[in-house]
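Read the structure below first, then the notes.
The values are calculated or read from the model by the stated rules, or taken from the named source; none is laboratory data. On a predicted model such as this, the values are computed, not experimentally measured, just so you know. FYI the Cβ positions are ideal-geometry reconstructions off the backbone, even for glycines, and counts take in every protein chain you see. We work out accessible area using only protein heavy atoms, side chains counted, and drop any ligands, DNA or RNA first. Shrake-Rupley method; radii C 1.70, N 1.55, O 1.52, S 1.80 Å.
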Amino acid sequence: MTTSPVTDNYFENAGFCGLRDCLEKIRSNAAKIDDPQTAPVEEFEWLAASGVMQVTLPGEALDFEKPDTASLLHLFKLVGQANLSVGRIYEGHVNALYLVHLYADEAQKKEWYRAVREDAAIFGVWNTQNQHGLTYLGVEGGLVLEGAKTFCSGVAIITHALVTGNIDLPERKGWQMMILDMAKISDDRIDRNSWKTLGMRASGSFTTDFSGYKVQQRELLGMPGDYLRQPHFNGGAIRFAAVQLGGAAAIAGNTLDYLASLGRTDDPIQKIRLAAILTQIVTGELWLKQAGRHFDEWVSLPGRSSELIAFANMTRTVIEEIGISVMNESNRCVGARGLMASSPLERLHRDLTFYLRQPAPDATRIAVADYFINNLNQTND
Ligand SMILES: Cc1cc2nc3c(=O)[nH]c(=O)nc-3n(C[C@H](O)[C@H](O)[C@H](O)COP(=O)(O)OP(=O)(O)OC[C@H]3O[C@@H](n4cnc5c(N)ncnc54)[C@H](O)[C@@H]3O)c2cc1C
């Protein structure tokens, strides 16, 4: 696919010489780590060596101070295309660093940026929880955590976990972020039976119990409510949508390869399906490119906040539909034989089917409709 917002040479031109090789290694290793108990350790060493683990830090190519969200989204797409689980964990790492950029004080930034640059730190963001969710207990001499997080992507390799939970102190009340030192969480706190899934097995998103963790003041990030602050919270959905589009692009490429291997690309009906697949991928790229531009233009303009959120909501919805549609067309192209375990398509379909399930898809569509209804007069002008 060459119709990307930035060409695939962009990152190499920007000094990420090894990115292409790195992504190729991740892609060819994907079947080997398709197991929740096999963490993508090497994958993150390769990503670190290519420079992209620190790409958004001050002075780097995609420094958040000089935002180029369209290029960042394209990078997410490329990583997701190589392996959707690795893309999921990578997106969490960048999201955590974005929240640090937005809300950390100078001392915290210095420490966490240093950890990425010098200690190959990997960050994650774990907000999802069930009824046994996280609370901060104010005890004599400090704060102690109680409860667990679900869907902790990459927990086996994450060094710094940005988690959220309810805090209730005189000076802080509400949904508070903190960044935990995962070296202090013993392995028996990770429920390794909690990730038996259709796909995304390599993301190893196990339920993790943080009860008893003693929180230091310097580990608290921002103030209660910052995590949910708009337009960042809903507007950020374009990041996972970009990773998802990478999964759809991988299916597109493998579908074409499969048909070519059987000499079936001359068939006009297969061509019609291939045309639909390519059109969908390019459509997704165009949405991402525009979503990235709007994000950079509007994120600091309060008057454009609802527009930014509506555009992000539409982007994630369009890309969800694209993912479903590409899988549907691909299924018809390759048939049962193409979906057997010997083909990469078997895993790619499982991964994308599962990863398309993101929070509140119905509420997202309703929010788009509400935006449309509430802005009807302006739209008709
Ligand atoms: C591979 C993967 C990795 C993930 N990694 C992370 C991570 O690292 N960190 C993190 O914080 N989270 C993570 N998540 C969780 C993710 O952000 C979502 O919270 C999760 O996928 C939503 O789960 P669900 O589809 O079961 O949601 P549900 O909310 O159960 O939604 C399922 C369906 O029910 C509908 N629905 C929702 N509420 C209602 C209601 N009250 N009444 C009727 N219908 C309703 C929804 O619209 C949807 O159609 C991950 C998810 C996946 C799939």
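Reported count of residues in the stretch 349-366, each being of a type in the set (A, V, I, L, M, F, W, C) and either in contact with a Lys or Arg (Cβ under 6 Å, 6 or more places away or on another chain) or open to solvent by 40 Å² or more (accessible area, probe 1.4 Å) (or both), is 4. Arg218 satisfies every condition listed in (1) in a helix (DSSP H, G or I); (2) touching a Leu at 6+ places or on another chain (Cβ under 9 Å); (3) of a type outside the set (A, V, I, L, M, F, W, C) except (2).
So if I check each of Ala249, Ala260, which one is over 21 Å from Ile179 (Cα atoms), outside any loop (DSSP other than H, G, I, E, B), among the aliphatic types (A, V, I, L, M) and touching a Lys or Arg at 6+ places or on another chain (Cβ under 8 Å)?
Working: Ala260 fails: touching a Lys or Arg at 6+ places or on another chain (Cβ under 8 Å).
Testing whether each residue is over 21 Å from Ile179 (Cα atoms), outside any loop (DSSP other than H, G, I, E, B), among the aliphatic types (A, V, I, L, M) and touching a Lys or Arg at 6+ places or on another chain (Cβ under 8 Å) leaves just Ala249.
Against the test of being surrounded by fewer than 23 Cβ atoms within 10 Å (Cβ to Cβ), modelled with pLDDT of 95 or more and in contact with a Pro (Cβ under 7 Å, 6 or more places away or on another chain), the options Ser305, Ser261 yield a single qualifying residue, Ser305. Between Leu97, Leu102, the distinction of being open to solvent by 20 Å² or more (accessible area, probe 1.4 Å) and either closer than 19 Å to Tyr227 by Cβ or assigned to a helix (DSSP H, G or I) (or both) belongs to Leu102 only. Quick one: is Ile179 in contact (Cβ under 8 Å) with a residue 60 or more places away in the chain and within 22 Å of Val100 (Cα to Cα)? Spelling it out, Ile179 is indeed in contact (Cβ under 8 Å) with a residue 60 or more places away in the chain and within 22 Å of Val100 (Cα to Cα).
Restricting attention to the stretch 327-352, the residues being under 13 Å from Ala31 (Cβ atoms) and either in contact (Cβ under 8 Å) with a residue 60 or more places away in the chain or basic (Lys, Arg) (or both) number 7. Of all residues in the stretch 193-228, those that are over 27 Å from Leu143 (Cα atoms), surrounded by fewer than 17 Cβ atoms within 10 Å (Cβ to Cβ) and among the charged types (D, E, K, R) total 1.
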